[in-house]
Amino acid sequence: MTYQKKSCVASLRSFLLIITVIFAVFITHYIVFVRVPGPMIHPIKYKIITGTFAFILDISQLFESIIGIPYYTILNTIADSYDKIKIRPFHHGQVLYHDQYIEDVLVRIYTPNNVSKTLLSPVIIFFHGGGFFFGSIYTHDTMTYHLSMYSGAKVISVNYRLTPYVHYPIPIEDSIKVVQYVMDNYQEFSIDPTQVFLCGDSAGGNIAAVVERQLRRKQKPVIRGVLLLYPLLQFVNFRLPSYLTNLPYHILSLLCEDIFTQVTNFYVNTSFTKNELFNNQHLSSDDYNNFYSKVNLQISNKDHIIEKSHRDTWKLLNENISPLLADDEILYNSPSTFICACTYDVLLSDAQLYFQRLQKLNVKDIVYREYHIFHGAMTFMDFPVAFNEAFHIIHDCAQIARPLNDNNNLPVIVYFPDDAFYMGSLDDKQLAKLSSTYIYILTVDHGYLRDEAFIYEGHLKRVGIQVVHNHYQNAFHRSIVLLYGPFGLDIVFYSIMDYIRSKISKKNRKSSNESSSTASASAIANDENQLSNGLSIEYFQMQLLLDCLMRIPYNTADYEELIALCYEQMKDDQNEIRMLSEFKKNYSPDRALWWYLQECFLYKILNYSLESQDIRSLFLFRRILHDVEKQMQQHRCSTPLHVYRSQLMPIELLDKWISSIGQCVVVNSFLSTTINSEVARNFLNSSQTIRDDYYRVLIEIDADPRILGSKPFVHIGSIHSDTDKNEVLFMFGSIFLINNITCGNDGLYTIELTLYSDNDHEFKQVFDDMKKKYGSGEINVLTFVQVLYDLDKFDEAEEYTNSYLEDLPSDHEDTLQCYNLLGSIAVAKADFETSLMWYNQALEFQMRKLPKYDNLKIADSHENIGDVYWKQGSYDLALQHYLTSLEIKTQALPSQHPSIAATLENIGRINESKRDFSQALSYFQKARSIYCRTYSVTHDKVAQIDEHIRRITHNPK
């Protein structure tokens, strides 16, 4: 027994000795000899991080040599796995987040808990760094989480595809797709399209700069600002000062010559050697001169320059690869730009040169800040490797995404963070009433209260309150009083919430006194626009139809056909014919609203077409509708109004309205109202003899333009001086809530309405799904056909598609979509033989015309053919096509993509129909596993697959 105990003790000692030796070797080899670049703060923490990275890099490269998996794949796997095991700090829950696909690109969307439910939010679209070959939305999760928390803005982190599996311009194209979709569908994300910021660190900074310029060239909505965090801005000159100074330190073990060479070759698809790049032996004298002339520097030593450029050097000089080298004209029109540079960074010179170019061109709103920290520090915000400087960089970055109102002569308050926890008791509407207040925040605590102060600073700024925030660690507040008191600041030591409530109370008393002497509302015309009661899915489909119509390009033939239509309708009225002739000669988009207000042929036919939903007429009027809506968006009211409208209403309709109090009402066409109640009442008084079955009705509308998702309304008198100065026009499709209906002693019924949001209705999810389906931006006739198809107007859809197909060249890319649409229409008509004919033509066209990388469309064709065979009961043929589709998708898509799950579900259905229940169950379970990674367990797709599984497991064998 004694011998055994001694043996166990000896074994334990030997084990501990081995562990100690391994640990000592690790510390000595990977940490002790790490060189610290200069007098950096937290040098020990930096050594541990860099040594750990070196260890992981060596292990990854060892595995690559043994099992053949590329080391960067192993690196990404290790880094991404941390997202699943990390523990968020105390403020978990301040920001909600979820993953979803946008245009087949995975994104992670962060939404602050205190974001306004009624006002549009700013958004920061973030592109992660990692040299284009490393990193993901998971590696940068803590950074983007804090960026959303501190700024109070939504953050959308983009998981663009990585090299070397793809090369330039694929990461740029992925990013542009996401940004364009978000901006075109801003209401889907509840974001303000005028407050979109692009942000990226390192290689992501390169993407942010390039994406902004590409969108600017396409004349897309302007990006509000670009936030570049230690950006990689050029691939041309690797002998700039910061490269020569900091490269020998191998910062994070990743910023070294080998990795930089790989980054360049992977991204630009080149074949440079390390010696060529880092001795500038890829540059000719002309290349060298071109570079230095662009960045406005004197040419340095040319010892390494060669006579002839490397065959791939021209690629590096592309301004979309090296955005530092863009022409002056491009840089001059840059939006607000925040440049974060790190002292101990190989890329420091990139940031400095970019700032100097913008500064020399007098670009407005440039902020350049240099932090005494190393490249990539912002990704280290988790315990135990968090750096305080990383939090400060995020905070400064968030400040840029919170533009301030211009107001200087305002009260100033000292605010202490112990009161921050009470901020949530006021909502954004109350806080917005303090938009003229300037709050001076001084925090004297350290630790977690810093985060709370940053959060509420963002909350105040987001609703327009000007804030200046200074943070002092371990300072006694009396010393701050002595410091700031002499400057005459209004120092308040009682609760800031008491102060805010007192300000709101004063403003409320003031506004109530003023309201008695002022009236606000909209104008009225003597028309018979009808208001339809209640919301329905058909209404939202019609709104989508109109939205699509207005995005179809207009041509001369359409315009001539519109004129002919109006002439046919008005040929017996000479006055209208004269107006029509004037319209044909002088119409212009900036006069669209003026023409509508003339109450001539345009007003009459257009409103009739809207009310009757005459598709053919609306198709011809689409340009007018587009121009009117654009003008109304440009001139939409920015302040709440109280408006009036009067009309005679049949008793049956009035009874229906009375029974619908608390429900919604929809305007089928444009609605004209007045801000002058007397104008509305005079219209009723001047009406002819009223029939017994009609009642006089005065409609009062409260309209707040700040309501998220509401249609625009315009004060016409502020746009056209020759129109009724009291008139306010509401956009067709506006929704109103019926608050109350009362009858006065004079028999006048008053209907009280409130402008309602498109977002607050039971069909919102369906509506959003339909809107995504039709895309954004300019469309062709085929998207319009798709809407007709979804409205079950199959004959019209077939007519438009056949007409469009007849005019196409046989090899035109739209031919495929026509074939698929005609196949779908035939299926809807239960004409399966015709649908198979069209779908097979589509498949043949794809096999003949499409490039190899477009295999997903071929998979869709197999899926379509399989669906038809399944409907016909030809299960073996259906299964054959589904399996072919699955094989293609498995090779082309990530293994957890929901499209693969859809095909697995189809195969399960076929096997269930063949009564092969074990196979069916297997496929259904695989589909469910994928769906659950993408959707919540309550999502329709998950519920549907669960129903399949339930049916299989309870089916008698």
- Message: Go through region 183-200 and report how many residues are open to solvent by less than 10 Å² (accessible area, probe 1.4 Å), within 16 Å of T111 (Cα to Cα) and part of a loop (DSSP other than H, G, I, E, B).
- Response: 0
- Note on the structure: Residues in region 262-319 that are modelled with pLDDT of 85 or more, assigned to a loop (DSSP other than H, G, I, E, B) and of a type in the set (D, E, K, R) total 3
- Message: Suppose we filter S202, S190, S242 for residues that are over 25 Å from F53 (Cβ atoms) and small (G, A, S); which single one remains?
- Response: S190
- Task: Please find, within region 598-646, the residue that is nearest to L546 (Cα to Cα) out of those that are part of a loop (DSSP other than H, G, I, E, B) and modelled with pLDDT of 85 or more.
- Result: F621
- Members of region 594-637 that are in contact with a helix residue (DSSP H, G or I) (Cβ under 7 Å, 6 or more places away or on another chain), under 30 Å from R706 (Cα atoms), aromatic (F, W, Y) and surrounded by fewer than 20 Cβ atoms within 10 Å (Cβ to Cβ): Y603
- Query: Under 6 Å by Cβ, and 6 or more places apart or on different chains, what pairs join a residue from region 924-947 that is within 17 Å of I910 (Cβ to Cβ) with one that is loosely packed, with under 15 Cβ neighbours inside 10 Å and at pLDDT 85 or above?
  - Reply: none
- Query: Which members of region 647-683 meet the condition of being part of a loop (DSSP other than H, G, I, E, B) and in contact with a His (Cβ under 9 Å, 6 or more places away or on another chain)?
  - Reply: I675
- Task: Could you tell me whether Q765 is modelled with pLDDT under 80, in a helix (DSSP H, G or I) and not charged (D, E, K, R)?
- Result: yes
- Message: Looking only at residues that are within 16 Å of G135 (Cα to Cα) and of a type in the set (S, T, N, Q) in region 147-162, which one is surrounded by the most Cβ atoms within 10 Å (Cβ to Cβ)?
- Response: S157
- Could you please find all residues in region 172-182 being open to solvent by 10 Å² or more (accessible area, probe 1.4 Å) and in contact (Cβ under 8 Å) with a residue 60 or more places away in the chain? K177, Q180, Y181
- Message: When you check S588 against the structure, is it polar (S, T, N, Q), in contact (Cβ under 8 Å) with a residue 12 or more places away in the chain and either crowded, with 20+ Cβ neighbours inside 10 Å or in the same structural domain as P553 (by the TED database) (or both), yes or no?
- Response: no
- Say whether the condition of being at pLDDT below 80 and in contact with a Cys (Cβ under 9 Å, 6 or more places away or on another chain) is met by at least one residue in region 563-583. no
- Query: Which residue out of P231, P241 is under 27 Å from C397 (Cα atoms), of a type outside the set (A, V, I, L, M, F, W, C), in contact with a helix residue (DSSP H, G or I) (Cβ under 6 Å, 6 or more places away or on another chain) and open to solvent by less than 10 Å² (accessible area, probe 1.4 Å)?
  - Reply: P231
- Query: Which condition does S148 not pass, out of (1) under 20 Å from G376 (Cα atoms); (2) without any contact (Cβ under 8 Å) to a residue 40 or more places away in the chain; (3) polar (S, T, N, Q), if it passes all the others?
  - Reply: (2)
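The values are calculated or read from the model by the stated rules, or taken from the named source; none is laboratory data. The structure presented is a predicted model; accordingly, all values stated were derived computationally and were not measured. Neighbour counts run over all protein chains shown; Cβ positions are idealised from the backbone, glycine included. Heavy atoms of the whole protein, side chains included, go into the accessibility calculation; ligands, DNA and RNA do not. Shrake-Rupley method; radii C 1.70, N 1.55, O 1.52, S 1.80 Å.
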